[in-house]
Structures are given as C-alpha cells and as structure tokens.
Amino acid sequence: MTEPRRVLFVIGGLGRGGSERQLMQLIGAAHPDRIRATVLTLSTVCDPDHAAQLRRLGVELIQLPPAPIPRAARPAVSVPRVFGVVRRLRPDAVYAWLEEASTTVAPAARALGIPLVVARRSVCGSPAERLAFYRASIRLAERGARIVTGNSEAVVAEAEARGVPGERVRLVPNGHPPVEPLPQRDAGEVALGYLANYRAEKGQERFLAALELVAAHTPWRADLAGAGELRKGIEQSIVARGLGDRATAHGPVSDLRRFWEDHDVAVLLSDDEGSPNVLIEAAMLGRPLVGTDAGGTSEVIPPDAGLLVPHEPAAIAAALSRLIDDPALRRRLGEGARRHAGERYDLDRSVAAHLRAIEEAVGTAP
C-alpha cells in the first residue's frame, strides 16, 4: 500500500478568515489517511479552535514569529528560516496558501527540488504587491509552481493573466460540509446579516450608504459582524447616518448557524472577492444572497440564488427593499442558494481536487 504523501502547508497565519477555514477543512478531511500534513505559519496568529483541531489530528504546527519590520520586507528575513524548516522536513510537496506564503517558501522548494503547489484565492492579490520587488517575487513563485489552484473561475483567469501557463492552473472550488437547512424566519421584521472582517475593501460603508436609501414597507434591521480595527469607525458611521435604531456593528461570530438562525438575508458588498465563503456558508443554510458583481461572487450567486448588484448604493438599496418586502422571493432564492451551494461547493469534491493537484505536482517532478 502506498504511503500518504507528506505535505507541508505554508500560510501567513491561522486566523478566523475563510481561506484559513478552507485549509483546516482540507487537512481535517485528508490527514492522516490520504496525506500526512504539517503546517508552517509565518506568524504566531492562530485561532484557538484551529490549534486545538491540529492537536487532535496530530498535525505538527510550526510557527515563525515575524520579524519586527514592515510586512512587505518580511520575506527577505523569513526565507532562510523557512529554508531550514523545509530542509528538515523534506516533504513530498509544499502547498503554499496565498501570496506571502508562496514568495517565502518558493526559494526553498526550488533549491531542494520539492514540488510546489500554490493556492490563489484572490482576484486582486496582496496589498504588498504595490511594491515592485514584492510583486515580482510573488509572480515568480506562482509561475514557477508545478500547479496553481484557484477557487473560482475568476481567480483562475487572474492567475493566467499574471503569467501562469493555463495548463498548470486548476479550478478547485471551495468546499463546505453538508448542513441541515434553516427554516425561513417569521419574526415580524426582516434581519439583514453582513459577516466580514472590518476592512475597507469589504464594503461595510457601502452597505450603510445603501441602508440609508432602503424604502421597504416591512420592518427591518441590519447586523454587521466581524473583527478588525475599522469596527469603531463603522459604529461611528452608523450613528452619523442616523441608522442607530436599525443597524449594529458586532464583533466576531463563532457560531455561524446561530447567527443565520436570527437573519433572513446574507449580504456582502466587497470591492472584490475570489470566492466569498461567507455567502457560500449562508447559502448552505438556505439564506438568499445579495452581493456585488465583483470577482468570483457571480459564481456564488446565480439568478436563482440571490441578487447580484453593482457597487452603487441606490441599486443595492432597491435590491434590499425588494427582498425585505417579498417573503416568497426570499424563500425561493434561499432554496436556490442552498441547491447551488450544495452542488458546486461540496467538501468531498473540493478535497479530492486539492489532493489531485498535489499528486499531479509530485508526479511531474523531474
């Protein structure tokens, strides 16, 4: 019987973000029977639940404290430290998750002759790519990878636009376990849910601008939730816009099912998204979706799953008003969202596709 491949996963940190959850789901489903995983993080950021899961699975977690220098310059310091880890482990493959990881581990993989797989999960790349040398090193790492995976058709297209040959790019949609759907609420008011970390590109201010223009006849409220330093500014904006009696900015949510039990519509109005997990998770529970037509969001929101909107607050407000006042539409789109998410974002298929990418990378080694 063939031994499972030894795979070193490299990621900047293991916080609560959707990409981190996707990595943890892959490891949880595949280790130790189909792969033998080790996780290397380029920071000490680690959600306690992720750390506990890795301990239960018996997966070694190696954390490298970041150097006290600007983030864009950290790879220059991290590369030799990562080289030492890779040389010690000598895995069958390295799977770099996101841009910082790819540029940091690629030199070690190349020098030691270890196949490299890179997971691209964004249509806009890292903010550090504003610096020419960092942009060049990231793209060199991606072009030199044996296989590059993208979690949406939009991300795959972006990888090819960045110079990765199309024959080495694989579409691997995000994977989510099946869950029991939630019933439609009948609470007298319609609750809009907005789950996203408080970052400018996540669109919370756009959401508030749209809420000012909502003209629904049915009572409604809106709850934003997430982590991030911009939360205080969103709280102030809620008050300044006169939305204090309708909208609230909460902290991080640990129980997604409970959150969506209390909300009727999932909204995300980001500038760009690779493949928004928060909308997929809400769809799996049967909630209708509203999202901006950006990146891979349109792949999550087909016409029978929700309303795809432009970035203009007036158009967003019209879509929200329509859903707030039409319970039959919410029910129909919620059912469509669940059906689409269950078919496209099946966890077993996603895990199998990641494992094929790893095997293909190892198989193409010279």
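Nothing in this text is a laboratory measurement; each read-out follows from the coordinates by a stated rule. Being a predicted model, the structure only gives us computed values, none of them experimental. With ideal geometry, Cβ positions are generated from the backbone for all residues, glycine too; neighbour counts draw on all protein chains shown.
A few remarks follow.
- Net lengthening on full extension, Asp293/Glu261 (0.36 nm per residue, minus Cα-Cα): 8.9 nm
- Once the chain from Ala328 to Asp245 is taken as fully extended at 0.36 nm per residue, the excess over their C-alpha distance is 27.2 nm.
- Euclidean distance of C-alpha centroids, the stretch 269-288 and the stretch 226-240, integer Å: 21
- Convex hull of the stretch 190-344 built on C-alpha atoms - directionally averaged projected area, nm²: 7.8
- Relative contact order of the chain: 15 percent, from C-alpha pairs under 8 Å at least 6 residues apart in sequence.
- Extension reserve of the Arg339-Leu213 stretch, reckoned as 0.36 nm per residue once the Cα distance is removed: 42.2 nm
- In the chain, helical runs assigned H by DSSP with n ≥ 4 each contribute -39500 (n - 2.57); averaged across all residues and rounded to the nearest 500, the mean residue ellipticity at 222 nm is -13000 deg cm²/dmol.
- Extending 7 Å from the Cα toward the beta-carbon at both Ala51 and Ala227 defines two label points whose distance is 1.2 nm.
- For the stretch 190-344, relative contact order (Cα pairs under 8 Å, six or more residues apart, normalised by length) works out to 26 percent.
- Selected from Ala318, Ala328, Val290, residue furthest toward positive end of dipole (the stretch 271-337; charges at beta carbon): Ala328
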